[in-house]
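Have a look at the structure below, then the notes.
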Amino acid sequence: MNLRHVPNALSVFRLLLAIPMIWLVTSEAAVVWVAALCFLAYLTDIADGFIARRYAGTSDSGKIIDPLADKVFVIGFAAALLITGAIPVWFAVLVAARDIIIFSGGVYLKKRTGVLVQSNMAGKLAVSFIGLALIAFYAHGEIPAEVVTGMAAAAVVGIAVSLGVYAHRFFTLIHSS
């Protein structure tokens, strides 16, 4: 069975999931639906990585589409929450800035060194913490404020660590070229 295109298709599907996510959040749908859509996006991310590594092989297009899908989904979710007033501006800016910095650095590295870098574990964990914090912000009336604060703090730490890891890799690759 040829599974070569499945990972990219799953990434494109995840990218398109940003549309119903934005609609759900701005229409103030039940938290369970927002969480379910996040979980579906998470499953597609796991599945496309597993299939690519195990059966299809990684591709340059997959190295671009996969993280781009993550970034569009997360930034779309954060923007929708910002529109509804569910998250503070600083958190939305921090989430968007992280993704823009990482994406821009990756584009620069590709042009400068020819290296197309992949997502790493620190980045995947940061996105997980960010997603959980965004769900917590959305569910703000249904869960204790301390939980929302804790999830936001975990996301901020994840953002800082992932930016540090990406910056280290960026400068290592720049200096080695």
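The values are calculated or read from the model by the stated rules, or taken from the named source; none is laboratory data. The model shown is predicted, which means the values in this text are computed figures rather than measured ones. FYI the Cβ positions are ideal-geometry reconstructions off the backbone, even for glycines, and counts take in every protein chain you see.
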>> I'm trying to understand the selection: among the residues of segment 1-51, which are closer than 15 Å to Lys63 by Cβ, among the acidic types (Asp, Glu) and assigned to a loop (DSSP other than H, G, I, E, B)?
In response: none
> Within the bounds of segment 160-174, is there any residue that is modelled with pLDDT of 95 or more, within 27 Å of Val25 (Cα to Cα) and surrounded by fewer than 17 Cβ atoms within 10 Å (Cβ to Cβ)?
Replying inline: yes
> Quick one: how many residues across segment 98-118 are under 12 Å from the mean Cα position of the chain (by Cα) and either aliphatic (A, V, I, L, M) or surrounded by fewer than 12 Cβ atoms within 10 Å (Cβ to Cβ) (or both)?
Replying inline: 2
> If you take the residues of segment 112-161 that are outside any loop (DSSP other than H, G, I, E, B), hydroxyl-bearing (Ser, Thr, Tyr) and touching a residue at least 24 places away in the same chain (Cβ under 8 Å), which of them is nearest to Thr172 (Cα to Cα)?
Replying inline: Thr113
> Quick check, is Phe91 touching a residue at least 24 places away in the same chain (Cβ under 8 Å) and of a type outside the set (A, V, I, L, M)?
Replying inline: yes
>> Condition (residue is loosely packed, with under 15 Cβ neighbours inside 10 Å, under 17 Å from the mean Cα position of the chain (by Cα) and part of a helix (DSSP H, G or I)) applied to segment 74-97: is it met by at least one residue?
In response: yes
> Which ones in segment 69-82 are closer than 18 Å to Leu17 by Cβ and not charged (D, E, K, R)?
Replying inline: Ala69, Val72, Phe73, Val74, Ile75, Gly76, Phe77, Ala78, Ala79, Ala80, Leu81
